[in-house]
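Have a look at the structure below, then the notes.
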Amino acid sequence: STMATATAATTTTTTADPQEGSVLIDTQHEDLVHDVQCDWYGQKMATCSSDRTIKICSLNGGSYEVSATLQGHSGPVWQVSWAHPQFGVVLASCGFDGSVLIHGEVRPREWTILHAAHQLHSSSVNGVCFAPPEFGLQCAAASSDGRVSVLRHEPETQVWSVEYLEDCPMGVNAVSWAPAGAYYDASSSANQETPRLVTAGCDNGLRFWQCNTSTGEWTQQNVPQCDTATTSAIQHHHHKDWVRDVAWAPSLVPNHNRIASCSEDGQVLIWTQAKDDPTSSSSSSSSWTATLVHQFDEPVWRVSWSATGHVLAVSSGDATVTLWKEGLVDGTWIRMDEDQAAAAAAVDATSSGETKEDGTTMLPLSPPGPPPTAAVSEPMPTTTTATTVTGDVSSTAPAPPPPKLAAPPPPPVM
């Protein structure tokens with residue numbers, strides 16, 4: 001943990017566009033920006049890049065300042081994820097070096113590495129995601145070596161344990177946690193807080209995992225899967241190429257689950273799980289039905305839900321970020337225009353950014369105000385507008401997608 005380094009910066013570069021309602025922020029990265037995430041309160045923004053660093057940007061009203069540079073990775077950093085603030089200011093990062101680093105802010109502008117899981121995987125770690133706070137401080141990481149690792153902090157011993165899930169042999173590109181309470185069993189409280197994962201693989205499909213809270217053992221769920229082998233469960237919609245990202249929607253209604261996935265085939269699918277047995281109080285074993293949101297002409301790299309799960313942001317290879325909302329009449333998904341997107345952002349803020357292939361990112365803008373001094377278990381409401389973030393303009397030329405190899409290469413430069 002002594003490898004933690006953080007350097008403060010005082011330079012602030014913002015360019016406002018009153019017509020677009022967006023702000024251009026110089027992240028001070030020296031290479032392509034791959035991911036950007038805002039913290040729970042919208043007061044800190046983390047970006048990661050091929051320059052092997054992570055930049056922390058402080059957001060304060062209309063002021064934006066790169067306050068710290070985090071190091072520790074020996075290769076490009078693909079993704080970052082914030083932990084719930086009840087655990088402090090904690091950030092996870094993953095990269096091409098096969099490592100997952102857990103960073104923590106010990107004092108304002110001063111960061112340290114709380115846990116360095118170097119060479120956690122034998123190949124690139126493509127995605128990392130913290131669990132809902134109800135499951136404790138733990139994060140999952142998806143790797144090109146075909147495994148998913150679950151890192152868990154043990155409060156009693158103050159150490160990090162790890163468990164590996166043998167997922168897709170061809171490689172895993174992304175991982176997402178089910179929200180707490182996604183499966184509500186009125187007859188028993190034992191299964192109400194069971195950790196679950198969904199992963200996106202290079203075999204064109206998704207896999208579901210469930211943790212036994214008594215033993216801590218993860219098992220793959222024997223339910224109709226979202227892959228090419230179960231076409232009867234997906235009603236003629238399934239991915240025909242690598243699934244690049246997957247995102248489990250926030251659960252506002254018990255036992256009504258949605259998952260968004262995107263692929264190099266240009267498809268964005270919404271998977272909906274409904275109860276097979278109306279008399280059953282649990283839908284964990286029900287089938288998933290896919291709905292096509294849109295067929296893009298280019299590969300689609302990222303999908304992200306708004307805080308309420310009503311709006312889906314999509315980052316595609318044509319250098320655009322689009323917002324989609326389900327129609328009220330026939331359930332088809334409709335692309336929102338600029339006015340609709342601005343109205344939705346004002347009432348339904350998302351805490352994660354969408355990175356485009358040229359290194360720019362669409363982000364929430366206005367923070368909701370200072371966080372409370374006490375630990376919280378629920379997010380504060382936010383009001384946001386769109387923000388655009390860029391890295392070094394001399395390095396924003398998109399790279400071609402990786403070739404189809406037997407051993408999956410690292411994720412594409414976005």
>> Quick check: net charge around Gly216, other residues with Cβ under 9 Å of its Cβ, Lys/Arg +1 and Asp/Glu -1?
In response: -1
> Which far-off residues, 5 or more places away or on another chain, put their amide H under 5 Å from the one on Glu326, with H placed in the peptide plane?
Replying inline: Ile334
> Once the piece of chain linking Glu166 and Arg107 is laid out straight, how much longer is it, given 0.36 nm per residue of separation minus the C-alpha distance between them?
Replying inline: 17.4 nm
>> Can you list residues from other chains, or at least 5 along the same chain, whose modelled amide H is less than 5 Å from the amide H of Leu206?
In response: Cys226, Asp227
>> Could you work out how much longer the chain between Gln158 and Arg335 gets when fully extended? Use 0.36 nm per residue separation minus the Cα distance between them, nm to one decimal.
In response: 59.1 nm
> In segment 153-171, which residues have a backbone nitrogen under 16 Å from the label point lying 7 Å from Thr215's Cα in the Cα-to-Cβ direction?
Replying inline: 163-166
>> Using 0.36 nm times the number of residues separating Asn60 and Thr308, minus their current alpha carbon distance, what extension gain do you get?
In response: 86.9 nm
> Amide H to amide H, which residues 5 or more places from Gly98 or on other chains are under 5 Å from it, using H placed in the peptide plane?
Replying inline: Val125
> If you rank Ser316, Ser50 by how much accessible surface each has, with a 1.4 Å probe, what is the order from largest down?
Replying inline: Ser50, Ser316
> How would you order 91-97, 161-167 from highest to lowest mean count of nearby Cβ atoms within 10 Å?
Replying inline: 91-97, 161-167
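The values are calculated or read from the model by the stated rules, or taken from the named source; none is laboratory data. Everything quoted here is computed from the prediction, not taken from an experiment. Positions of Cβ are backbone-derived with ideal geometry, glycine not excepted, and every protein chain shown enters the neighbour counts. When the accessible area is computed, the model is the full protein with side chains, heavy atoms only, and any ligands, DNA or RNA have been set aside. Shrake-Rupley method; radii C 1.70, N 1.55, O 1.52, S 1.80 Å.
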